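The numbers here are math on the coordinates, done by the rules we state, and not lab data. Predicted model only: the values in this text are computed from it and were never measured. Every residue, glycine among them, receives a Cβ derived from its backbone with ideal geometry; neighbour counts consider all protein chains shown.
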Amino acid sequence: MKWGEMEKQGQKRFFVKSYRYLWQLENAIRTIRRRATSELQMSVLGKLSPTCKLGDKRLLEAKNEWNAFWKRTTGLPPNFSSFCNPDMGTLFVIGAVATQFLHHTGGKALGEIASGPFGILRGLGVGEGMVSTCLKDLDKRCYLFILRGYEHELDTLEKWI
């Protein structure tokens with residue numbers, strides 16, 4: 001793609017929306033796959049447990065379920081990862097932004113630092129108020145659906161999802 005063509009496409013940005021129920025998230029992903037005109041990067045951030053429980057049997061089951069869900073709904077290879085956040089408990093991330101949450105600094109993954117999820121979402125360009133709202137929803141076991149794409153396309157898709 002040449003510079004002029006990229007300029008016509010516009011800037012890429014992130015969009016975050018919380019969903020209380022898995023079926024809502026699944027409907028949003030299907031809508032995006034049906035209506036998107038370009039390749040969007042999709043991710044989900046969710047809460048598995050209010051306490052830190054890495055390595056138990058339920059975590060392995062959740063990983064298998066999410067990997068199957070991701071492959072079935074997005075058609076993309078899954079890359080499920082979980083981590084323990086001291087303020088929120090055991091969280092998981094799957095999709096394009098997983099590396100952001102798992103990037104190590106000072107011996108810990110960014111997602112494992114108390115303010116890590118807040119800082120990561122802010123670093124992606126999500127407004128402070130929206131990040132605060134989304135993290136409150138995440139703490140209540142909602143799923144955060146994170147999309148990256150061209151601004152004009154995300155503006156259009158926001159109405160459908």
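Taking the chain as a whole, the Cys residues whose C-beta sits 4.7 Å or farther from every other Cys C-beta are C134, C142. In the chain, the ratio of gyration radius to Kirkwood radius, Rg to Rh, stands at 0.97 when only Cα atoms are counted.
Taking 12 Å as the cut-off, the amide N atoms of the range 69-112 that come nearer than this to a point 7 Å along the Cα-to-beta-carbon line of Q41 belong to 95-101. Evaluated on the range 31-83, the Kirkwood hydrodynamic radius is 12.7 Å, with distances taken between all distinct Cα atoms. Magnitude of the charge dipole for the range 34-161, about its Cα centre and with charges confined to Cβ atoms of Lys, Arg (+1) and Asp, Glu (-1), is about 420 debye.
I need the shape label for the range 74-161. Rule: rounded when a/c is under 1.5, else prolate if a/b > b/c, else oblate, with a, b, c from the alpha carbon gyration tensor.
Note, shape of the range 74-161 comes out prolate.
Among K136, K57, K17, which one moves the most in a GNM of the chain with springs linking Cα atoms closer than 10 Å? Taking springs between Cα atoms under 10 Å, the residue moving most is K57.
The mean sequence separation of alpha-carbon pairs under 8 Å and at least six residues apart, normalised by the residue count of the range 11-158, gives a relative contact order of 42 percent. Counting only residues at least eight positions apart within a chain, or on another chain, the lysines with an alpha carbon under 27 Å from that of K63 are K17, K47, K53, K71, K108, K136, K140. Positive contributions from Lys and Arg (+1) and negative ones from Asp and Glu (-1), summed over other residues with Cβ under 13 Å from the Cβ of W66, come out at +2.
Between Q24 and K140, the contour length at 0.36 nm per residue exceeds the Cα-Cα span by 40.2 nm.
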